[in-house]
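Below: the structure, in structure tokens.
The values are calculated or read from the model by the stated rules, or taken from the named source; none is laboratory data. This one's a predicted model, so the numbers in the text were calculated from it and none came from an experiment. FYI the Cβ positions are ideal-geometry reconstructions off the backbone, even for glycines, and counts take in every protein chain you see.
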Amino acid sequence: MNVDTQFPPAPITPLAGRPTQARSDQDSARPVDRPHHVEPANNHRQQKAGHAPNSEEQRRAADQPPAARPESELSAEQKRELEQLRSRDRAVRAHEAAHQAAAGHLARGGARFEFETGADGRRYAVGGEVSIDTSEVAGDPQATVDKAQTIRRAANAPAQPSSQDLAVAAEASRMEAEARRELRAQEQDTEGAGTQSSTVRQSGDRLNNTTEPAAVGELLDVLV
């Protein structure tokens, strides 16, 4: 679902939106320079000068994103694929926005997305993640309990949590359970110290009662 923490350094856990699809061949493809046909020696210099700019232009063209194409120029199959990309883009962005909102101050930066270029030349989000602080609060189990609950809410915030989201939620539940055990141990230590102090006070009171001298009149009555 990167981090400043009190102690120890915070592990950063990503809350994955949805499994990232493989990038299209259009994104990853790079042109391969092919050997040119060898001309006679007297044309070699002219050919070399003419090929260099073409090769450079090809490399520059490969680095440029494809120009946007009007949808009217797309085939029916391309239009169907484009609609799927648009639907996924909306779902991924909504998924990560839910993580971000529920994580609140625990989120470290904004959501990060992975994109795929559609047939129209535009980029669409097909995967994403939000990084959050999942460290314990050193020396404060109650604060750790509160933090674990926020982490779990952030992980489960989307309508359809991913497997990574569910793993983060499970780890937050484990952290909360451990912090609650520490709280109970602290409470037992406090109760034990209070009971011991009360016992000491009661023993002191009994000692004072047995050693205190009786009143004079009572003493005379005993001796007569």
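Quick notes
- Residues being part of a helix (DSSP H, G or I), in contact with a Leu (Cβ under 8 Å, 6 or more places away or on another chain) and hydrophobic (A, V, I, L, M, F, W, C) - total across segment 73-102: 1
- Set side by side, the residues Asp165, Asp189, Asp146 differ, and just one is modelled with pLDDT of 95 or more, among the acidic types (Asp, Glu) and either farther than 20 Å from Ala101 by Cα or in contact with a helix residue (DSSP H, G or I) (Cβ under 6 Å, 6 or more places away or on another chain) (or both), which is Asp165.
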